[in-house]
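Working notes for the structure below.
The values are calculated or read from the model by the stated rules, or taken from the named source; none is laboratory data. The structure presented is a predicted model; accordingly, all values stated were derived computationally and were not measured. Cβ placement follows ideal geometry from the backbone for every residue including glycine, while neighbour counts extend to all protein chains displayed.
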Amino acid sequence: MSPEATAVVGTGVFPSVQVGQGRDYSMAAEGEKPAPKRILLVDDDYEIIESLRVVLEAKGYEVLVARDGNQGLAMAEREDPDLLILDMMMPKRSGFLVLEKLRRSRRVPLRIIMITANEGSRHKAYAERLGVDDYLRKPFGMDRLMESVNRLLA
């Protein structure tokens, strides 16, 4: 099993992954690879953002980063990512407030994975009512996250 598949996120452990170099999928012609799927990471924890970014980029995804809820909401509206990985507890605007606003304002729902260190079942139930596609509690295995990412972007 590869290092990124066994890494645990939310504990300060960084995966040992070499990021590919020289990828350019921008204008894919016949027989070439299509443009990579775009994932927006919204979390205020630097270590989690960097761990996820390294692994997702190594898997060929284009990664955008926002470090608080307001920035995440603005980037989701402006950049129109294929997937949003959203922390629940953040400064300026919580993940719930971001999720509520996105669900009201978008005609086509954005795929969303919510991540949290919160153990409460009420929070999970509310996130599911708002339409999150997956809900992961920290710490979580990188293989579990990648399974969800691959399923939602297939």
- Would you point out which residue out of TYR126, TYR61 is hydroxyl-bearing (Ser, Thr, Tyr), over 18 Å from ILE49 (Cβ atoms) and touching a helix residue (DSSP H, G or I) at 6+ places or on another chain (Cβ under 9 Å)? TYR126
- Note on the structure: The residue that is surrounded by the fewest Cβ atoms within 10 Å (Cβ to Cβ), considering only those in the range 70-94 that are assigned to a loop (DSSP other than H, G, I, E, B) and out of contact with any Lys or Arg (no Cβ under 9 Å at 6 or more places or on another chain), is LYS92
- Message: Pairs please, first residue from the range 86-102 and among the polar types (S, T, N, Q), second anywhere and at pLDDT 90 or above and part of a helix (DSSP H, G or I), Cβ atoms under 9 Å, 6+ apart in sequence or on different chains.
- Response: SER94/GLY69
- Item | Test: residue in the range 83-101 that is modelled with pLDDT of 95 or more, in contact with a Phe, Trp or Tyr (Cβ under 6 Å, 6 or more places away or on another chain) and under 17 Å from ILE39 (Cα atoms) | no
- Do you know which residues across the range 70-114 are among the small types (Gly, Ala, Ser), out of contact with any strand residue (DSSP E or B) (no Cβ under 7 Å at 6 or more places or on another chain) and closer than 17 Å to TYR126 by Cβ? SER94
- Message: Among the listed residues LEU40, LEU56, LEU52, identify the single one that is outside any helix (DSSP H, G or I) and either farther than 19 Å from ALA117 by Cβ or touching a residue at least 24 places away in the same chain (Cβ under 8 Å) (or both).
- Response: LEU40
- May I ask you to list the residues in the range 107-146 that are among the β-branched types (Val, Ile, Thr) and free of Cβ contacts under 8 Å to residues at least 60 places away in the same chain? VAL108, ILE112, ILE113, THR116, VAL132
- Answer with yes or no whether ARG67 is surrounded by fewer than 16 Cβ atoms within 10 Å (Cβ to Cβ), over 22 Å from ALA35 (Cβ atoms) and either in contact with a Leu (Cβ under 9 Å, 6 or more places away or on another chain) or without any contact (Cβ under 8 Å) to a residue 60 or more places away in the chain (or both). no
- Task: Name the single residue, out of those in the range 104-136 being surrounded by 15 or more Cβ atoms within 10 Å (Cβ to Cβ) and basic (Lys, Arg), that is nearest to the chain's Cα centre (by Cα).
- Result: ARG111
